[in-house]
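Working notes for the structure below.
We did not get these values from a lab; they are worked out from the coordinates using the rules stated. Quick caveat: nothing in here was measured; it's all calculated off a predicted structure. Cβ placement follows ideal geometry from the backbone for every residue including glycine, while neighbour counts extend to all protein chains displayed.
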Amino acid sequence: MENGNPLSANNLGVIYLRGENVQRNLELAEKFYLYAINKQTNHAIIDLVDLYLKKVFPEKARLWHQKAIYKNCLISISRDKEIKRQISEIQAHFVVI
């Protein structure tokens, strides 16, 4: 995948995340998103945040969401309250007493 197209990699991440005509595979989705991000495909950050929310990794979701906000990603900015709410709900659900 060294010379692969980052937009195609992001699209493959979406396909594996959703399980569209393939077996759902969150690890492969993550791999494709990270590749796309490393090749400067900012939209992949948004998809990676969604992946980490699905995998119930709120700290990773928060980290990547903050990176997207820092890069002035308009979609992340517009979803800021929603993503923060989802992260808070996940954390509240898994609080150990």
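Could you state the angle between the C-alpha long axis of helix 26-38 and the longest principal axis of the C-alpha atoms of the chain, as a value from 0 to 90 degrees rounded to the nearest 10?
Once rounded, one gets 70 degrees.
Assuming 1.002 mPa s and 20 °C, estimate D for the chain with Stokes-Einstein, Rh taken as the Kirkwood radius over Cα pairs, in µm²/s.
Answer, rounded: 157 µm²/s.
Report the relative contact order of the chain, percent, no decimals, based on alpha-carbon pairs under 8 angstrom and at least 6 residues apart.
19 percent
Which distance in Å, rounded to a whole number, links the C-alpha centroids of region 69-88 and region 11-63?
16 Å
Taking the Cα centre as origin and putting +1 on Lys and Arg beta-carbons and -1 on Asp and Glu beta-carbons, what dipole magnitude results for the chain, to the nearest 20 debye?
Charge dipole of the chain: 200 debye, to the nearest 20.
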